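Written below as structure tokens is the structure these notes are about.
The values are calculated or read from the model by the stated rules, or taken from the named source; none is laboratory data. A quick note: this is a predicted structure, and the numbers were derived from the prediction, not measured. Here the Cβ positions follow ideal geometry from the backbone for every residue, glycine too, while neighbour counts run over all protein chains shown. Surface areas here come from the heavy atoms of the whole protein model, side chains and all, with no ligands, DNA or RNA. Shrake-Rupley method; radii C 1.70, N 1.55, O 1.52, S 1.80 Å.
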Amino acid sequence: MRKSDKPILLPTPRHIELPGGSINVERDAAEFIRSVHSLAPSTAERKRDSNRDAPEREMNDGTASTPQPSTIDSTTAVRCHLLNELPTSSGRISPADKEAYKLTIRPPESAHDAFINIYSSSEAGIRHGLRTLTQLIIQYDEDLPCLEIEDFPSFATRGVMLDISRDRVPTMEELFRTVNLLGFWKINHLQLYTEHTFAYNGHKEVWRNASPLTPDEIQQLDRHCLDNGITLAANQNCFGHMQRWLTHETYAYLAETRGEWDFNGQPRRGPFSLCPVDPGSISLVNDLLDQLLPNFSSRLVNIGCDETFDVGQGRSRAAVKKTGFAKVYADFVRRVFDAVRRHNFKPMFWADVALSHPDVLKQLPEDLIALVWGYEPDTPFAEWGRALHEAGFEYWVCPGTSSWRSITGRTAERKRNLAAAVRQGLSEGAQGFMVTDWGDSGHRQQQPIALHALAEAANAAWNADDVESYNPRASDLFVFGEENDEIGRWLDDLGDVDLDLRRISGPPDSDGKPTPLRNASCLFNDLHAPHGEAVKINTPASWGGVLKRLTHLEADFPSVSDEQVRDELRLTLEVAKLAAERAVARRKVGGINETARRDFRKRLGDIIAEHSRLWLLRSRPGGLDDSCRHYEAILKELE
């Protein structure tokens, strides 16, 4: 492996000193990694718990000796020290930071000393130090640089939320693999966004075709998360986004509306939110929470309650007119809150509705964690954070991966959105960070797009000082297991292939000037826009520039040893190329000719087949047909 002058680590440590020189461990690197992994933090915690009256005593194979720093386990190479207070002369680490650790690699002062030492005051800190050490071994093999690292997180809670309700429900193998990665990046909180993909007893009609997670699977995943230092929080939307339930006749009577309504300025039709004034709505929520929550060892649940734009436009119209939207919304959220508290859980909720209607905040219990979400560079995290702080709420900032509705990802928007969330969140006292990876419109982004973004988010949550200088080579090493420096850089370039168009493809402002496109890439939007709408935006020449950049990226395709990842990247590139070529063709005089139409149909059929094949390597079959229908609609238009 090519050695870097400065270690590449994920996340980047807060402070690292490299005095020069190196230590050769004189053993096979893979064997060394296995021995490092054998230093289980859970063992460390048990030993500390059983020896609290004598925290300064050393333990070597269970034998006590003269008082000295507590040693959990030792080899000739590595020694972990679990202390009451982390020793640091620099003042960079607060003694109160329980996740802080210190890692030193240097020649031993005596034959009895280890040359690698990890110090912390907690199990979590020891675990973090071991993960950093493992990344150094992966990068340097047996010849480790002498160094001293003092490290601690910017956010105590560093979370990831994965969408398992927009068609794609991962297999258990994929979930376990993802948890391993997240733990390796020092993520310590996970949620699976759920609308209808839990196997609720008595509600098979809703989840029958979704391949849902079962209670036993959630319990297995919970245990695996704990083994990796991750809290798995429950998640069930309990108000809006309930159309997967309400479209069934059995539950239709609970809908706020089944007709036309306005979704933040966009016309919608059909059910969406539970009717907040129907007693049956809270009865359903009670049943769902009674079944879901006992499967989690944590005491946290996300109850959703976002984007309830239809409330007041249907059956609750009279109540809203009489008492106001804020009271109707807050009354229902309080009832959900009460259902959660019966299980001794602490609820969190998406704060968008409350922030849009300040009177709501005054009527909600303060014992709620508010989740502040926004996925663009100009998201006002600071403004929203101040409002929630003044109202007495704990709150977390929730940026996004920008992977959904994009095909390729949106690199520039992702980077600036993460930076805004971290910096503004910390400045206004946010207690947590949770990056979201949604699956809107069939969850058709391939997993490498999301994983690269999640790794960058993990870096931002741990080290706010490094938020804008993430080294994409960290993704090569610690996401994809590659020794080259090609994939991360290539993915960043791919995610900005239509950036020039994104900057001018939003709706015009009040002066008629173009604005940036939001929550989508131009490639994605044009691929799915009806012909008459698409040709109004941008020109064949501008789309020709996108196609030229894609052709260059095809020629510069990265070296990838993992066949599955390679195929996922090739499919991503093929979908992007088809979108760009069709965008050029449909803007020419006369539109798409028959020859091009046949070619697009053939290629789209191949895309659907490959999308289906790759889907089943990571995800369950439920939801695949719904995902493919988005491509099939384009195929129908090309007939």
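Quick notes on this one:
- With respect to the conditions (1) touching a Leu at 6+ places or on another chain (Cβ under 7 Å); (2) modelled with pLDDT of 95 or more, Asn538 lacks only one, and its number is (2).
- Exactly one residue among Ala474, Ala450 is touching a residue at least 12 places away in the same chain (Cβ under 8 Å) and either touching a helix residue (DSSP H, G or I) at 6+ places or on another chain (Cβ under 9 Å) or farther than 30 Å from Thr194 by Cβ (or both), and that residue is Ala474.
- Residue match in region 452-461 (condition: at pLDDT 95 or above and more than 20 Å from Arg423 (Cβ to Cβ)): yes
- Scanning region 165-175 finds no residues that are over 30 Å from Ser441 (Cβ atoms) and in contact (Cβ under 8 Å) with a residue 24 or more places away in the chain.
- Every test in (1) in contact with a Ser or Thr (Cβ under 7 Å, 6 or more places away or on another chain); (2) surrounded by fewer than 16 Cβ atoms within 10 Å (Cβ to Cβ); (3) of a type in the set (A, V, I, L, M, F, W, C) is passed by Phe263 save one, and that test is (1).
- Region 394-446: number of residues that are closer than 19 Å to Asp378 by Cα, aliphatic (A, V, I, L, M) and assigned to a loop (DSSP other than H, G, I, E, B): 1
- Tally of residues being out of contact with any strand residue (DSSP E or B) (no Cβ under 7 Å at 6 or more places or on another chain) and either open to solvent by 50 Å² or more (accessible area, probe 1.4 Å) or without any contact (Cβ under 8 Å) to a residue 24 or more places away in the chain (or both) across region 478-507: 9
- Residue match in region 104-123 (condition: within 30 Å of Met348 (Cα to Cα) and surrounded by fewer than 23 Cβ atoms within 10 Å (Cβ to Cβ)): yes
- Residues that are in a helix (DSSP H, G or I) and in contact (Cβ under 8 Å) with a residue 40 or more places away in the chain were ranked within region 342-374; the one that is least open to solvent (accessible area, probe 1.4 Å) is Val353.
- For region 283-296, the condition of being crowded, with 17+ Cβ neighbours inside 10 Å, in a strand (DSSP E or B) and touching a strand residue (DSSP E or B) at 6+ places or on another chain (Cβ under 9 Å) holds for none of the residues.
- Within region 202-213, residues that are under 17 Å from Val285 (Cβ atoms) sit with their Cβ atoms under 7 Å from residues that are of a type outside the set (Phe, Trp, Tyr), at 6+ positions apart or across chains, in these pairs: Val206/His196; Val206/Arg244; Val206/His248; Trp207/His196; Trp207/Thr197; Trp207/Ala199.
- Restricting region 375-410 to residues that are basic (Lys, Arg) and in contact with a Ser or Thr (Cβ under 7 Å, 6 or more places away or on another chain), the residue that is least open to solvent (accessible area, probe 1.4 Å) is Arg410.
- Any chance Lys98 is modelled with pLDDT of 60 or more, within 31 Å of the chain's Cα centre (by Cα) and open to solvent by 60 Å² or more (accessible area, probe 1.4 Å): yes
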